[in-house]
Amino acid sequence: MFIEALIQLFGPKLSVLALLLVGFAVEKHYVSRVTVFTNTIALNVHILSLEQRPSLLVSYGNLGLVFGICGFVAYAINWKTGILYNLPAYSLYSSLPVALVILVGPKGWLPILILASVVSLGGGYVLENEFGVDITHWGPRSGQVNRFIETAKMKYQDIHGVHEVDLALGEFER
């Protein structure tokens, strides 16, 4: 069976890697609140598997779990998070910092976390502000944008005449 080969290859870390993979897949376009949740679950599962757990690493995992649960609840109730959540969640618990902390292990994890956090923040800033690539998404669109999408119609003209598009349905009327 394929799963047996994966277990042979990755051993007990398979569940942690699976959660990180989900985080990376979701982060393909943006860092979401659900990603923070899956990453912190992966981090805490990893910490639980350690024979010796440094107290600072445990605190990092516990704080991450609080951020992860808050983010998941915010996602579930369609609530937009603010800077007090976004900044630490994005810099400390996105997939890059969490994956590197897990890979490095309990010795040397703190400098890697700091480096990965700076790279996440710096890279995110450059991609968003210099190249216009939106990589973060922390909540629903504003009410004004939702109302526009749900109610707006747009007219356009082509060689067959004037047409109207209902943006809420994406249907064309002739």
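In sequence order, region 61-76 has phi-based couplings of x, 5, 4, x, 5, 4, 4, x, 5, 4, x, 5, 5, 4, 5, 5 Hz under the Karplus curve 6.51 cos²θ - 1.76 cosθ + 1.60, θ = phi - 60°, and Gly or Pro positions carry x. Applied to region 36-51, the Karplus parametrisation 6.51 cos²θ - 1.76 cosθ + 1.60 on θ = phi - 60° returns per-residue 3J(HN,Hα) values of 4, 5, 5, 5, 6, 5, 4, 4, 5, 5, 4, 4, 4, 7, 6, 5 Hz, with x for Gly and Pro.
The heavy atoms of F131 offer some 150 square angstrom of accessible surface to a 1.4 angstrom probe.
The values are calculated or read from the model by the stated rules, or taken from the named source; none is laboratory data. Computed from a predicted model, the values in this text were never measured in an experiment. For accessibility, only protein heavy atoms count, side chains too; no ligands or nucleic acids. Shrake-Rupley method; radii C 1.70, N 1.55, O 1.52, S 1.80 Å.
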